[in-house]
1. Once you've got the GNM for the chain with C-alpha springs shorter than 10 Å, pick whichever of 36, 71, 142 has the biggest mean-square fluctuation.
2. About its Cα centre, how strong a charge dipole does the chain have in debye, to the nearest 20, once Lys and Arg get +1 and Asp and Glu get -1 at the Cβ?
3. Only Lys, Arg, Asp and Glu count, each charged at its Cβ (+1, +1, -1, -1), so figure out the dipole size of the stretch 45-123 about its Cα centre, rounded to 20 debye.
4. Can you pull the percent of Cα pairs in the chain with separation above 26 Å?
5. For the ranges 84-90, 132-138, what's the packing order if you count other beta-carbon atoms within 10 Å of each residue, average per peptide, and put the highest first?
6. Mean separation of Cα pairs under 8 Å and 6+ residues apart, divided by the residue count of the chain: what relative contact order is that in percent?
7. Could you put 105, 12 in order, starting from the residue whose Cβ has the fewest other Cβ atoms within 10 Å?
8. Search the structure for amide H atoms under 5 Å from the amide H of residue 16, placed 1.01 Å from N in the peptide plane, and list their residues when 5 or more places away or on another chain.
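Each reported figure results from applying straightforward, stated rules to the coordinates on display, with no laboratory input. Quick caveat, the model's predicted, so the values are computed rather than measured. A quick note on method: Cβ atoms are made from the backbone with ideal geometry, for glycine too, and the neighbour counts reach across all protein chains shown.
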Amino acid sequence: MTRIEAGRRAAKIDGDFVVFLIGARINRFRSIGAWLPVVRAMPRMLAELAEHPELGLLYVWRAIVSPREILLVQYWRSYEHLHAYARARESEHLPAWAHYNRMIKGNPAVGIWHETYLVAAGQYEAIYGNMPRYGLANAGELVDAVGQQGSSLGRLGRSDGADHPTEAA
């Protein structure tokens, strides 16, 4: 059973980091030969990244999985780590990407996408109430939401954290 972290907790991560959203969408179910290689490639990449933490992947959270779409939320140590992995000839990614481009050119059977967000140190905030370790807390650390961590403004470094609305009520 998943361990629930009772009370209010916050995520804390040192330094800059990257949030990378990556997904695929099956547009034509009957074109299995087009989309199956895409679906099979991601687990190989994730296994490779799990075996080599020095490549910079901090954590992967599978946010949405439906019959037509998959979305993965990834936390990376830096954009440089993410970019280096994407371009490394010896990695699982680059051959899969090249294969996708050769096979899908002009064939809309499957779509892929990604979005990259560079997060500067201290320019994020996260709160968890009676939750298991979740999201960003898996990439960094889970801390008690007290003191400066006690409010959204505090977690963003814009107050001392004493402005928590339910504490003041």
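1. Residue with maximal mean-square fluctuation among 36, 71, 142: 36.
2. Using only the charged Cβ atoms, the result is roughly 1020 debye.
3. 320
4. That fraction is 41 percent.
5. Averaged packing, sorted descending, gives the order 132-138, 84-90.
6. On the way: 289 pairs, mean separation 62.6, N = 169.
Contact order relative to length: 37 percent.
7. 105, 12
8. Under 5 Å from the amide H of residue 16: 121.
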